[in-house]
1. Taking the condition exposed (fewer than 12 other Cβ atoms within 10 Å of the Cβ) and either touching a residue at least 60 places away in the same chain (Cβ under 8 Å) or under 12 Å from the mean Cα position of the chain (by Cα) (or both), does D93 pass?
2. Within the stretch 1-83, considering only helices (runs of 4 or more DSSP H) that don't extend past its boundaries, which have at least 1 residues that are surrounded by 15 or more Cβ atoms within 10 Å (Cβ to Cβ), among the polar types (S, T, N, Q) and at pLDDT 90 or above?
3. Determine whether the stretch 133-150 contains at least one residue that is part of a loop (DSSP other than H, G, I, E, B), over 20 Å from E202 (Cα atoms) and among the hydrophobic types (A, V, I, L, M, F, W, C).
4. Filter the stretch 101-115 for residues that are open to solvent by 10 Å² or more (accessible area, probe 1.4 Å), of a type outside the set (F, W, Y) and assigned to a strand (DSSP E or B) and give the result.
Amino acid sequence: MDTRPIETQVIQPLQNFVLAEELLDQQAPIDNAVRDILLAIGENPDRQGLVKTPNRVSRMFNELTAGYSTDPVKLVNGALFDVDYSEMVLVKDIEFYSLCEHHMLPFFGRAHVAYIPDGQVIGLSKIPRVVEMYARRLQVQERMTAEIAGFLDEVLHPKGVAVIVEGSHMCAMMRGVKKAETNMTTSTYLGDYKTDQNLRNEFLAHIARPYRD
């Protein structure tokens, strides 16, 4: 049996993220809050360019925070499969977009997720969806990294999970220190990845290697 790691790269972010209908009922308070903000900064919310802005922002926040309403059971949807494979499974370069909970400004980048199966694998598309579920919330990158790893560990019960997230934060790029080249890397290792340095090195080597068709 071929025991080389299964490696996949995801270039495009998820499209058509499903919004919960109940979130759409909460638009009015956001509409009103955005209108108040426009007034507070000295703008006229009734002028042509801004008259629809409160509603647009409300719908935007429904989309950008859709992870709160994502049902994890429905997300996995039974896509766990018994497979005789015990080497690394890696999905790398998963694009994500999130909102920093401190300033509600975007941070974005790529996530790399690996696990060592223990009798079961999860459907390929589910790993980017797990990343999306935790990214579409008010977040800090450190917690998001740990949540992705913890979810896969709980669902799959694998021998190990490794997650690295690389992010650029607008709160440090366009305000505050204003350092446009500042990036942040966070990692979480569980199970065998936490105790086996060689396994971590293999994971890092695969991430660093350019993807080839």
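The values are calculated or read from the model by the stated rules, or taken from the named source; none is laboratory data. Quantities reported herein were computed from a predicted structural model and do not represent experimental measurements. FYI the Cβ positions are ideal-geometry reconstructions off the backbone, even for glycines, and counts take in every protein chain you see. When the accessible area is computed, the model is the full protein with side chains, heavy atoms only, and any ligands, DNA or RNA have been set aside. Shrake-Rupley method; radii C 1.70, N 1.55, O 1.52, S 1.80 Å.
1. Details: exposed (fewer than 12 other Cβ atoms within 10 Å of the Cβ): no; either touching a residue at least 60 places away in the same chain (Cβ under 8 Å) or under 12 Å from the mean Cα position of the chain (by Cα) (or both): yes.
So D93 does not fit the description; no.
2. Details: elements: 21-24, 27-40, 53-64, 72-76.
By residue number, 53-64.
3. First, pick out the residues of the stretch 133-150 that are part of a loop (DSSP other than H, G, I, E, B): 136-137, 140.
Among the residues that remain, those that are also over 20 Å from E202 (Cα atoms) are: 136-137, 140.
Of the ones still in play, those that are also among the hydrophobic types (A, V, I, L, M, F, W, C) are 140.
Yes.
4. First pass over the stretch 101-115, keeping only residues open to solvent by 10 Å² or more (accessible area, probe 1.4 Å): 101-106, 108-110.
Within this subset, residues satisfying the condition of being of a type outside the set (F, W, Y) are 101-106, 109-110.
Once the filter is applied, which keeps residues that are open to solvent by 10 Å² or more (accessible area, probe 1.4 Å), of a type outside the set (F, W, Y) and assigned to a strand (DSSP E or B), the stretch 101-115 yields P106, G109, R110.
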